[in-house]
Amino acid sequence: MFPLIVASTLMAAGMISNLDNDFVGHTSHKIYLKPDFFWGLPTSDQLYDEESESYISKKISRPFYKGIDLSYEWEKPNSLYFSAQWTNSIASVKKTLTSSLGETRSYDLEQSFSNIEARVGRSFQQEGTSLAMVPYVALGRYGGSDTCFVEGERYEENVDVLYAALGNKLMFHFGKIFDIGVNLKLMRPVYVHLEDPFMEASLKINEIIALGYEAAAPIVCHLADGAWEIQLEPYLLKLNTNDANRFVGGRLAIGHCF
């Protein structure tokens with residue numbers, strides 16, 4: 001993913017001086033409201049439970065998340081870029097625990113996922129060209145929880161991750177109405193905290209750190225002379241390359257530009 005980010009930045013830098021189009025964006029502020037839907041793949045892993053001295057296999061069915069995404073962007077050609085984003089989603093799934101001693105338990109879970117991220121970068125767009133490029137760095141936090149009730153008792157598994165990110169946004173402008181983009185982001189956790197009462201374990205700093213990435217392809221339609229936008233953004237998200245979790249989803253955004 002890192003070579004792709006570097007390659008896309010260099011390629012765009014070379015193309016900016018060659019493409020010619022009447023459109024050059026001058027909007028500074030953008031506010032987006034985005035209903036967010038995404039699916040996760042069924043996952044399984046195995047951990048050792050010291051209390052029972054057995055291995056426990058954990059399987060989770062395919063989750064379907066429904067949520068909301070709010071974001072703000074400040075962007076002008078050849079100027080500072082700033083963005084802030086907040087996301088919150090929920091899903092219902094089934095978790096099955098099977099121990100090496102032959103015991104099996106299933107639970108209906110309510111899962112939640114939240115993400116907050118701030119980006120700072122630099123936009124590049126030569127006057128009269130149809131390609132804009134925004135490399136950036138980011139700092140963010142994402143968290144998730146699994147909640148279930150067993151014999152009237154509430155159990156909750158939580159994960160909190162603080163991460164740094166490097167990304168690049170490319171946007172191809174086709175006249176004044178239609179844009180297509182390619183967004184790439186590489187994430188590196190700097191702090192991880194995981195609590196799992198079923199395993200009676202707490203994993204903290206550096207115990208489950210791995211890289212994550214996100215790739216998206218937004219399609220944008222400008223309305224009312226650029227004052228409003230409708231945006232469809234399919235994306236692929238993987239938060240941790242050390243496990244099987246991978247999400248495929250889409251955001252449908254309504255944005256106001258001023």
Simple spin-label estimate for Ser28 and Lys59 in nanometres, 7 Å along Cα-Cβ: 5.7
query: How much length, in nm to one decimal, is gained on full extension between Leu162 and Glu127, taken as 0.36 nm per residue of separation minus their Cα-Cα distance?
result: 8.8 nm
Net charge contributed by nearby residues that have their C-beta within less than 15 Å of Glu73 (K/R +1, D/E -1): +2
message: Neighbour counts of other C-beta atoms within 10 Å: give me Asp69, Asp160 arranged from fewest to most.
response: Asp160, Asp69
task: Return, for the Cα atoms of region 218-258, the radius of gyration and Dmax in Å, separated by a comma.
output: 14.7, 46
- line: In whole percent, the Cα-Cα distances of region 69-114 spread across 5 Å bins from 0 upward as 5, 14, 13, 11, 10, 9, 9, 7, 7, 6, 4, 3, 1
message: Using a 7 Å offset from the Cα along the Cα-to-Cβ direction at both Arg154 and Phe172, what is the distance between the two label points in nm, to one decimal?
response: 5.0
field: Rg/Rg_globular for region 136-176, with Rg_globular taken as 2.2 N^0.38 Å and Rg from C-alpha atoms
entry: 2.17
- line: Expressed in nanometres to one decimal, the distance between label points 7 Å along Cα→Cβ at Ala118 and Leu232 is 3.5
statement: Rounded to whole angstrom, the alpha-carbon centroid of region 169-183 lies from that of region 86-113 at a distance of 40
query: By how many nm would the segment from Leu70 to Leu211 lengthen if fully extended, with 0.36 nm per residue of separation less the alpha-carbon distance?
result: 48.3 nm
- request: Round to the nearest 0.05 the FRET efficiency obtained for Thr96 and His193 when R0 = 22 Å and r is the Cβ-Cβ distance.
  value: 0.30
Translational diffusion coefficient (Stokes-Einstein; Kirkwood radius from C-alpha pairs) of region 85-147 at 4 °C, 1.567 mPa s, in µm²/s: 82
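Every number here is computed from the coordinates shown, using simple stated rules; none is lab data. If you're wondering where the values come from, they're calculated on a predicted model, not measured in any experiment. Here Cβ is always computed from backbone atoms with ideal geometry, including for glycine, and neighbour counts include all displayed protein chains.
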